[in-house]
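Let me begin by presenting the structure, written as structure tokens, before commenting on it.
The values are calculated or read from the model by the stated rules, or taken from the named source; none is laboratory data. What you are looking at is a predicted structure, and each value in this text was computed from that prediction instead of being measured. Note: ideal-geometry Cβ built from the backbone for every residue, glycine included; neighbour counts use all protein chains shown. Each accessible area value is taken on the protein alone, full model and side chains, heavy atoms only, with ligands, DNA and RNA left out. Shrake-Rupley method; radii C 1.70, N 1.55, O 1.52, S 1.80 Å.
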Amino acid sequence: MKTLKIAIQKSGRLNEKSVELLKNCGLSFENYKSSLISTVSNFPLEILFLRDDDIPEYVQDGIADIGLVGENVIAETGVDVAYLQRLGFGKCTLKIAVPNNNQYQNIADLSGKAIATSYPVILQKFLDKEKINADIKTISGSVEIAPGLGLADAIFDIVSTGGTLRSNGLKPFADVMSSEAILIGRKGIENEHLVLELLQRIQSVMRAKETKYVVLNVEKSNLDKILNLLPGVKSPSVLPLAEEGWVAVHTVIPERDFWSHINELKAAGAQGIVVMPIEKIIL
Ligand code: PRT
Ligand code: ZN
């Protein structure tokens, strides 16, 4: 394979993070809002900008080799593709929601009811699994207003903060699926060298995001206590300071470990703690 083609969302919730991820991978390209295709100048990659709904099929059919899309869209289109990497953004939950004043007790109460959604395939699968016979009303947008209009008794939609449900007088009733952005590929493409190289870059960016470079100063007599509190990638570097009897400790740690240890580090004598972002970590 000479050039890899990746499909990403043209505009919408995943566009900005997708572009940012590719740029953080060191890829140079123009991100013209009007163009459908962009060529990366320093890696054999073409970027196709598409509606997210089209991405799974483009990848399955080989028009794009790989694609970046929400798991919910993959599930809805029912395509047969390889999952290459979960990306940790675009997180949401697909839920059934009902009007606030509604008295439904359990899932079985949805039998015979009308449920409005833009995701009929995922919903039907869930209802089949729960052995519930409901009337699915497929609508393409503004699903949350359907109960207020008398079009449906419940809705099935994506929820992230829950604000949209609340402002439409709805409450969550059942969680059906959780979703995040994911890198997919055509079946069989997993071991292509260009795919592996891009994956390595993506993983190094993701690893770096969760990790910080920490520098702190400590008196030599307290060094052992500090080192015990700092699990590093390998082992921390310890450098002498100009001031006699003091050293600087440099290490790389997951941000969450850092916050859980910060008070212990200070109590153990750490001073001048500096926390810096890391661009990439290649293992
Ligand atoms: O134009 P195109 O077809 O490409 O985009 P789209 O309009 O179909 O999708 P878009 O850009 O809205 O979302 C793209 C993907 O982002 C989705 O397929 C999900 O995987 C993911 N995602 C994450 C979300 C949300 N969070 C989200 N909150 N997609 C949609 N929403 C909507 C939801 O439909 C509802 O209207 O936001 C509203 C609820 O948000 P809260 O925060 O009020 O709960
Ligand atoms: Zn869409």
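Extension gain Thr138-Lys125, at 0.36 nm per residue separation less the Cα-Cα distance, in nm? Display every interim value, and only then the final one.
On the way: separation 13, 0.36 × 13 = 4.68 nm, distance 1.44 nm.
My answer for the length gained is 3.2 nm.
Just want to confirm a number: the relative contact order over the chain, from Cα pairs under 8 angstrom separated by 6+ residues, in percent. Write out the running numbers ahead of the final one.
Values: 540 pairs, mean separation 53.9, N = 283.
Computed value for the chain: 19 percent relative contact order.
Once every DSSP H run of n ≥ 4 in the chain is given -39500 (n - 2.57) and the sum is divided by its residues, what mean residue ellipticity at 222 nm do you get, rounded to the nearest 500 deg cm²/dmol? Let's see the in-between values first.
On the way: 8 runs with 75 residues, N = 283.
After summing the helix terms and dividing by the residues of the chain, the value is -7500 deg cm²/dmol.
What percent does the relative contact order of region 92-179 come to when contacts are Cα pairs within less than 8 Å and at least six residues apart?
On the way: 166 pairs, mean separation 43.5, N = 88.
Value for region 92-179: 49 percent.
Would you mind getting me the FRET efficiency between Glu244 and Lys33? Use the beta-carbon distance for r and R0 = 51 Å, nearest 0.05.
Details: r = 59 Å, r/R0 = 1.16.
Rounded to the nearest 0.05, the efficiency is 0.30.
Using DSSP, restrict attention to beta bridges with both residues in the chain and report what percent are antiparallel, rounded to the nearest 5. Mind showing how you got there, number by number?
Working: 43 of 58 bridges.
Taking every DSSP beta bridge within the chain, about 75 percent pair in antiparallel fashion.
Between the alpha-carbon centers of region 242-260 and region 80-144, tell me the distance in whole angstrom.
Rounded to whole Å, the Cα centres lie 48 Å apart.
Give the angle, between 0 and 90 degrees and rounded to the nearest 10, that separates the Cα long axis of helix 120-129 from the longest principal axis of the Cα atoms of the chain.
Once rounded, one gets 90 degrees.
Excluding residues on the same chain fewer than 8 positions from Lys17, give the lysines whose Cα lies under 28 Å from its Cα.
Lys2, Lys5, Lys33, Lys91, Lys95, Lys187, Lys209, Lys212, Lys280
How tilted is helix 255-267 with respect to the longest principal axis of the chain? Cα atoms for both, answer in degrees (0 to 90, nearest 10).
Tilt of helix 255-267: around 40 degrees.
Enumerate the amide H contacts of Phe173 below 5 Å, restricted to partners 5 or more residues apart or on another chain; note that Pro and chain-start residues carry no placed amide H.
For Phe173, whose amide H was placed from the backbone, the distant partners under 5 Å are Ile96, Ala97, Val98.
May I ask you to derive the relative contact order of region 1-136, considering only C-alpha pairs under 8 Å and at least 6 residues apart, and to give it as an integer percent? Walk me through the intermediate numbers first.
Details: 166 pairs, mean separation 30.1, N = 136.
It rounds to 22 percent for region 1-136.
Residues of region 211-277: accessible area per residue at 1.4 Å, in Å²? Show your work: numbers first, answer last.
On the way: 4060 Å² over 67 residues.
In whole numbers, region 211-277 has 61 Å² accessible per residue.
Ranked highest first by the average count of other Cβ atoms within 10 Å around their residues, in what order do 47-59, 14-26 fall? Show your work: numbers first, answer last.
Details: 47-59: 20.9, 14-26: 18.4.
The most tightly packed comes first, giving 47-59, 14-26.
Give me the percent of Cα-Cα pairs in the chain that sit more than 36 Å apart, rounded to a whole number.
Values: 15579 of 39903 pairs.
The calculated P(r) of the chain puts 39 percent of pairs beyond 36 Å.
Working from Cα positions, state the angle (0 to 90°, nearest 10) between the long axis of helix 193-209 and the longest principal axis of the chain.
70
Leaving out ligands and nucleic acids, note down the accessible area per residue over region 92-179 with a 1.4 angstrom probe, in whole Å².
On the way: 4570 Å² over 88 residues.
Accessible area per residue, region 92-179: 52 Å².
Round to a whole number: what % of the accessible area of the chain belongs to carbon and sulfur, probe 1.4 Å? Mind dumping the intermediate values first?
Values: 7300 of 15000 Å².
After summing per-atom areas, the C and S share lands at 49 percent.
Sort the following peptides by mean Cβ neighbour count (other Cβ atoms within 10 Å, averaged over residues), highest first: 67-73, 195-201, 90-96. Walk me through the numbers on the way to the answer.
Numbers: 67-73: 26.3, 195-201: 17.6, 90-96: 20.0.
The peptides rank, most packed first, as 67-73, 90-96, 195-201.
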